[in-house]
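The values are calculated or read from the model by the stated rules, or taken from the named source; none is laboratory data. Note that the structure is predicted; figures quoted are calculated from it, not measured. As a convention, Cβ positions derive from the backbone with ideal geometry for all residues, glycine included, and neighbour counts pool all protein chains shown. For the accessible areas, the whole protein counts, side chains as well, though only heavy atoms, and no ligand, DNA or RNA atoms are used. Shrake-Rupley method; radii C 1.70, N 1.55, O 1.52, S 1.80 Å.
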Amino acid sequence: MPRYGRAASRRVASAMRRRKRGTLRSGRGGKGGRVKSRKQAIVIGLSEARSKGAKVPRKRGSRR
């Protein structure tokens, strides 16, 4: 069984394209700064997929 659904990978791909174009922004409602980091773009894509109900594992808590 795959850990991530197809919808999740589509969301991440979309976030990566927006990052390349320079339109991907961080923060609530996209009010933050412009995203330059590849890792941050992936996390934003997964977060969007999670909020839309796609099959994405939940975020890990902080390690102790």
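Couple of notes before you dig in:
- Options ALA49, ALA54; residue that is open to solvent by less than 40 Å² (accessible area, probe 1.4 Å), in a loop (DSSP other than H, G, I, E, B) and touching a helix residue (DSSP H, G or I) at 6+ places or on another chain (Cβ under 8 Å): ALA54
- Residue that is most open to solvent (accessible area, probe 1.4 Å), among those in the range 11-37 that are touching a residue at least 12 places away in the same chain (Cβ under 8 Å) and among the basic types (Lys, Arg): LYS36
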